[in-house]
Amino acid sequence: MYFDYLVELPKIKGKIYKQKRKNAIYVHYEYAKIYKPEKKYNIPKRTTIGKVCSDNPEMMYPNPNYLKYFPEAEIPEGKSSESRSSCLHIGAYMIIKKILKEYGLDKMIGDIIGKDSGLFMDLVAYTIIAENNAGRYYTDYAYNHPLMTKDMHIFSDYKVSDFINSITIDQSVEFLNKWNENRNLEEKIYISYDSTNKSCQAGDVELAEFGHSKDGSDKPQINYAIAYDVHNREPLFYEDYPGSIVDVSQLQFALEKTKSYGYKNVGFIIDRGYFSKPNIKYVDKCGYDFVIMMKGMKKLASELILSNKGTFEDKRKHSIRMYKTSGITVKRPLYPSDKKERYFHVFYSVRKHAAEREVLETKIDRYAKQLEKYKWKVVKKSLKTYEKYFDLIFHDEDEVFVGARERTDVIDREISLCGYFVIITSEEMSAADALSLYKQRDASEKLFRGDKSYLGNKSLRVHSNESTDAKIFMEFIALIVRNKIYTSLKDKMLEDDKKSNYMTVPAALKELEKIEMVKRLDGIYRLDHAVSSNQKEILKAFGIKDVTVVKKMAEVISKQL
């Protein structure tokens with residue numbers, strides 16, 4: 001299939017070859033060379049990318065391979081909409097469009113973005129289905145999917161880039177206001193608040209700064225936080241801020257933002273990274289509740305654990321069977337000047353004990369081996385890393401490192417704390433309720449994993465402040481939609497009381513992508529085959545119980561094309 005518009009022949013020395021066949025000259029591109037050791041020479045790998053124009057030998061009619069190997073090439077505006085595959089994948093598109101409509105996102109985006117709202121929603125769908133956020137590959141996606149643009153017009157990657165840069169921060173603020181304004185502000189909800197960071201090497205992005213990277217990257221980063229309503233299972237708002245700002249400093253701004261949206265009866269589920277006396281005071285000042293996790297090694301937590309150890313672990317009435325954990329609740333102030341009684345829930349897990357002890361023992365073994373390398377040497381570098389678990393012995397006169405002795409009292413104390421953890425709540429509740437509430441925070445963690453692993457957003461591929469804001473705005477809406485896909489599939493599995501490997505989000509999207517429409521000789525797109533049993537099960541999760549809905553959607557797409 002050759003498109004009916006012209007582009008310049010690529011000028012890449014040694015890579016472009018012409019071949020005359022019958023009355024046409026075809027253009028081939030050498031994309032690789034495979035070395036054959038037995039023959040001792042390279043075999044070129046080539047593919048046809050176009051057909052030379054008979055009236056202008058410097059121009060050619062491209063084919064889909066041209067779009068694949070030259071994604072950044074300029075395509076004439078208004079022509080790319082006619083460049084469409086004869087096979088369209090409609091299943092995942094259909095689900096995403098349904099969710100956008102049910103949430104009212106299509107109308108919100110239409111009001112805020114205007115005439116290019118269809119392209120905005122297509123980029124959201126592309127991010128979810130293709131698991132990619134690179135705008136230059138959008139045309140590949142648009143080539144074999146239905147679109148939400150007017151007349152399903154396919155825009156060039158240059159148009160996509162210009163559009164992304166045209167989105168303003170005012171539009172993202174307006175969306176967040178609209179998204180939050182129609183909620184039941186009197187309803188008691190708990191918000192899981194957490195952050196991550198995204199690498200960004202562009203020098204002119206103001207938010208990109210060096211900070212404490214959570215994935216070990218040494219590149220400049222942007223911090224990105226999400227407030228997630230665990231009760232209604234929906235993201236509420238996001239924040240992007242400079243990479244040098246630490247988590248503990250940002251929480252108070254998130255609390256203020258929550259107040260500005262009108263939320264009143266709210267609790268925050270936060271991890272130990274946000275734990276500080278000023279933050280606790282600020283949460284109290286706002287009139288909000290909190291749920292905070294503390295690990296057993298922290299001084300406050302360890303004191304509580306050791307004073308209650310042996311009083312609950314083996315007693316049936318303290319067993320929390322759902323999580324294979326035991327727990328009790330102790331009431332006391334959080335810090336000496338605290339005027340309120342807080343609820344400290346102390347937990348013990350046998351499985352957690354085994355895992356944590358193994359990690360501790362492995363670390364000590366590793367330290368012992370590393371110290372052996374310094375034995376009988378004058379150690380110039382500091383050995384402070386090892387001082388917690390070892391008494392270090394030096395020869396007094398020449399500072400030669402002689403050896404190390406395990407600090408068994410310290411190690412024994414840490415072993416005694418393995419398997420224990422503490423959750424603190426401002427609101428009175430049982431240990432089981434506190435653990436169940438904190439476990440709901442897993443949803444926001446899955447949100448971040450989905451963002452980085454399945455939406456391609458581990459790094460922001462941007463070169464300006466405007467495109468940074470736009471990408472994060474677009475990504476947040478993609479997260480809303482993908483989260484709805486996740487919760488719908490999860491609810492269906494709970495309803496059926498069975499786990500199916502095709503009911504995860506990535507697997508379900510791949511399965512839905514197999515629902516295809518094919519263009520026949522009469523130029524009309526039609527469904528190529530019946531819906532499979534697995535696809536029917538997935539569709540039921542989204543309220544599509546009658547496959548005639550799929551047929552009707554296919555008819556609508558066919559008419560639009």
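Of note:
- Rounded to the nearest whole Hz, the Karplus-based 3J(HN,Hα) values (6.51 cos²θ - 1.76 cosθ + 1.60, θ = phi - 60°) of segment 221-233 follow the sequence 9, 10, 8, 9, 10, 10, 9, 10, 6, 6, 6, 8, 6, with x at glycine and proline.
- Calculated FRET efficiency for the pair Tyr31/Leu521, C-beta based, R₀ 35 Å, to 0.05: 0.65
- Contact order, relative form, for segment 221-364: 12 percent (alpha carbon pairs under 8 Å, 6 or more residues apart, mean separation divided by residue count).
- Rolling a 1.4 Å probe across all protein chains gives Val556 an accessible area of roughly 70 Å².
- Accessible area, probe 1.4 Å, largest first, for residues Glu303, Glu38: Glu38, Glu303
- Packing-based order for 279-289, 364-374, 87-97, using average beta carbon neighbours within 10 Å, highest first: 87-97, 279-289, 364-374
- Contact order for the chain, expressed relative to its length and based on alpha carbon pairs under 8 Å spaced 6+ residues apart, stands at 15 percent.
- Fraction of antiparallel bridges per DSSP, the chain only, in percent to nearest 5: 90
- Expressed as a whole percent, the accessible surface of the chain that belongs to carbon and sulfur atoms is 49, based on a 1.4 Å probe.
- For the chain, the longest principal axis of the C-alpha atoms and the axis of helix 442-454 are separated by about 40°.
- Ordered by 1.4 Å accessible area with all protein chains kept, Lys101, Lys298, Lys519, Lys257 run largest first as Lys101, Lys298, Lys519, Lys257.
- Under the Karplus curve 6.51 cos²θ - 1.76 cosθ + 1.60, θ = phi - 60°, whole-Hz ³J(HN,Hα) for segment 495-505, x wherever Gly or Pro sits: 5, 7, 6, 7, 10, 10, 5, 8, 9, 7, 4
- You can think of it this way: the chain between Asn232 and Leu383 has 49.3 nm of extra reach, that is 0.36 nm per residue less the Cα-Cα gap.
- Probe 1.4 Å - accessible area at Thr504, Å² to nearest ten: 70
- Measuring between alpha carbons in the structure, the pairs from Lys15/Lys36; Lys188/Lys315; Lys498/Lys551; Lys159/Lys519; Lys298/Lys331 lying more than 23 angstrom apart are Lys188/Lys315; Lys498/Lys551; Lys159/Lys519.
- On Cα atoms only, tilt of 169-181 relative to the major axis of the chain in degrees: 70
- When the square roots of the Cα gyration tensor eigenvalues are ordered a ≥ b ≥ c, the ratio a/c for segment 336-385 is 1.5 or more and a/b does not exceed b/c, which makes its shape oblate.
- Overall form of segment 1-154 per C-alpha gyration tensor (a/c, 1.5; a/b vs b/c): prolate
- Checking [x] 108, 49, 42; [y] 77, 60, 47; [z] 89, 67, 45 against the coordinates, the calculated Cα extents along the principal axes in Å falls under label [z].
- All lysines inside 22 Å of Lys381 as judged from Cα atoms, apart from same-chain residues fewer than 8 positions distant: Lys363, Lys369, Lys373
- The C-alpha atoms of the chain define a longest principal axis, and helix 247-260 lies at about 70 degrees to it.
- Note on His395 and Asn501: with the Förster distance fixed at 56 Å, the Cβ-Cβ geometry gives a FRET efficiency of about 0.35.
- Secondary-structure-derived ellipticity at 222 nm for the chain, considering helices only, amounts to -12000 deg cm²/dmol, per-run term -39500 (n - 2.57) for DSSP H runs with n ≥ 4.
- When all protein chains stay in place and ligands, DNA and RNA are ignored, the 1.4 Å accessible-area order of Asp396, Asp162, largest first, is Asp396, Asp162.
- Summed over the residues of the chain and divided among them, the accessible surface reaches 51 Å² per residue at a probe radius of 1.4 Å.
- Each Cα pair under 8 Å and six or more residues apart adds its separation to the average, and for segment 284-353 the resulting relative contact order is 21 percent.
- Cα gyration tensor, segment 310-399 - rounded (a/c under 1.5), prolate or oblate: oblate
- Our coupling estimate for segment 157-165, obtained by passing each phi through the Karplus curve with A = 6.51, B = -1.76, C = 1.60 and θ = phi - 60°, is 5, 5, 4, 4, 4, 4, 5, 4, 5 Hz, Gly and Pro reported as x.
- Farthest toward the positive end of the dipole of the chain, out of Val350, Phe268, Gln535, is the Cα of Gln535, where the dipole comes from beta carbon charges about the Cα centre.
The values are calculated or read from the model by the stated rules, or taken from the named source; none is laboratory data. All values reported here derive from a predicted model rather than from experimental measurement. Every residue, glycine among them, receives a Cβ derived from its backbone with ideal geometry; neighbour counts consider all protein chains shown. Just the protein is used for accessible areas: all its heavy atoms, side chains included, with ligands, DNA and RNA removed. Shrake-Rupley method; radii C 1.70, N 1.55, O 1.52, S 1.80 Å.
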